[in-house]
Amino acid sequence: MTQAAITPVSFKAFGADFEAFSQALGDSFARYGFAVISDHGLPDARIAAATDATKAFFAQPDDVKAHYVVGVGGQRGYTPFGIETAKDAAHFDLKEFWHMGRDLPPGHPYQEVMPPNVWPVEVPTFVSDVAWLYDALDELGIKVLEAIATYLKLDRHFFDPTVNDGNSVLRLLHYPPVPKDGPNIRAGAHEDINVITLLLGAEEAGLEVLDRDGQWLAINPPAGSVVVNIGDMLQRLTNHRLPSTTHRVVNPAPERRGFPRYSTPFFLHFNPDYEISTLASCVDAQHPDRYPAPITADAFLKERLREIKLL
């Protein structure tokens, strides 16, 4: 394992020099499948409040948390420890998590595949603090997609109508202390299903990215940064021009085994009925279309959830 050489891109350039921001971000995605955006501008106090609410929920007794196991595939509410397993892995991940999704107005056509949120009554601030974080990361994600569209020489707002009611999910993750060595790790090697993922920095290290040379790169972003990676949906849409890179969360060093790890990935998704069809601009003689048959975002999502034992 080596230290990542991913150079952070300042979000200040989004307004000051958008073309340069798009180029730097796109180059990082094309090379690593990951980028680090510094100076994201989200208020530290609001992020801390959402983190505190998260910790307060996971500190509840197991029988209380079990009341919030709802729905299908862990789409909303609580998923207990020992359930999610990386694709093709023999051992489950050492984590539990909570999912919040998009609130839809009554009668919305996506209600059949995007269920309503549930909220833990035991943590009074949970709704306001976590919902704020969802909205903040959703808004930031749209701006990242503007940069990606520009990098791909598409209209800057190409992605806006593809994700405006997307099945995006905020995952609140708790990795408990790891008392001893074993075959399970906090998150087995995997790729993300969605379009892009935005991850605020965790207090504890562990995130690693598999580089193209087979080396694992540690991702330890500076304070005030967000890590963004390409998901399988965008990899498919761009015919692998932007790669969805394998990553994992390894267990802590012996001196940190007694400490839990919390993180908050935001999985930005297409609208459920969006048809993922390879962009013509990403196909040429040297790069034939890997995916001649299109698939809807919802069908793709369900296929992948079955692979990781959430469906």
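The values are calculated or read from the model by the stated rules, or taken from the named source; none is laboratory data. Treat the numbers as computed from the prediction; the structure is a model and nothing was measured. Here the Cβ positions follow ideal geometry from the backbone for every residue, glycine too, while neighbour counts run over all protein chains shown. Only protein heavy atoms, including side chains, enter the accessible area calculation; ligands, DNA and RNA are left aside. Shrake-Rupley method; radii C 1.70, N 1.55, O 1.52, S 1.80 Å.
Residue-level check: of (1) outside any helix (DSSP H, G or I); (2) among the hydrophobic types (A, V, I, L, M, F, W, C); (3) open to solvent by less than 40 Å² (accessible area, probe 1.4 Å), Val121 misses just (3). Here the range 57-98 is the region considered, the condition is being more than 22 Å from the chain's Cα centre (by Cα) and not charged (D, E, K, R), and the residue that is most open to solvent (accessible area, probe 1.4 Å) is His67. Of the residues making up the range 43-81, those that are small (Gly, Ala, Ser) and either without any contact (Cβ under 8 Å) to a residue 12 or more places away in the chain or in a helix (DSSP H, G or I) (or both) are Ala45, Ala48, Ala49, Ala50, Ala53, Ala56, Ala59, Ala66.
Does Arg290 satisfy the condition of being surrounded by 15 or more Cβ atoms within 10 Å (Cβ to Cβ) and either closer than 30 Å to Pro176 by Cα or in contact (Cβ under 8 Å) with a residue 40 or more places away in the chain (or both)? So Arg290 fails the test. Taking the stated definitions as given, is Ala30 assigned to a loop (DSSP other than H, G, I, E, B) and open to solvent by less than 70 Å² (accessible area, probe 1.4 Å)? Answer is no for this residue. The number of residues in the range 167-187 that are part of a loop (DSSP other than H, G, I, E, B) and either touching a Ser or Thr at 6+ places or on another chain (Cβ under 8 Å) or surrounded by 12 or more Cβ atoms within 10 Å (Cβ to Cβ) (or both) comes to 8. Looking at the structure I just gave you, is Glu208 touching a residue at least 24 places away in the same chain (Cβ under 8 Å) and either surrounded by fewer than 21 Cβ atoms within 10 Å (Cβ to Cβ) or not in a loop (DSSP other than H, G, I, E, B) (or both)? It is true that Glu208 is touching a residue at least 24 places away in the same chain (Cβ under 8 Å) and either surrounded by fewer than 21 Cβ atoms within 10 Å (Cβ to Cβ) or not in a loop (DSSP other than H, G, I, E, B) (or both). Among the conditions (1) out of contact with any strand residue (DSSP E or B) (no Cβ under 7 Å at 6 or more places or on another chain); (2) closer than 16 Å to Arg186 by Cβ; (3) among the hydroxyl-bearing types (Ser, Thr, Tyr), Thr264 misses just one, which is (1). In the range 260-268 there is no residue that is in a helix (DSSP H, G or I) and more than 22 Å from Pro161 (Cβ to Cβ). Residue-level analysis places Gly101 among those that are modelled with pLDDT of 95 or more, over 22 Å from Gly188 (Cα atoms) and open to solvent by less than 20 Å² (accessible area, probe 1.4 Å).
Number of residues in the range 150-166 that are under 13 Å from Gln23 (Cβ atoms) and either crowded, with 16+ Cβ neighbours inside 10 Å or of a type in the set (Phe, Trp, Tyr) (or both): the value is 3.
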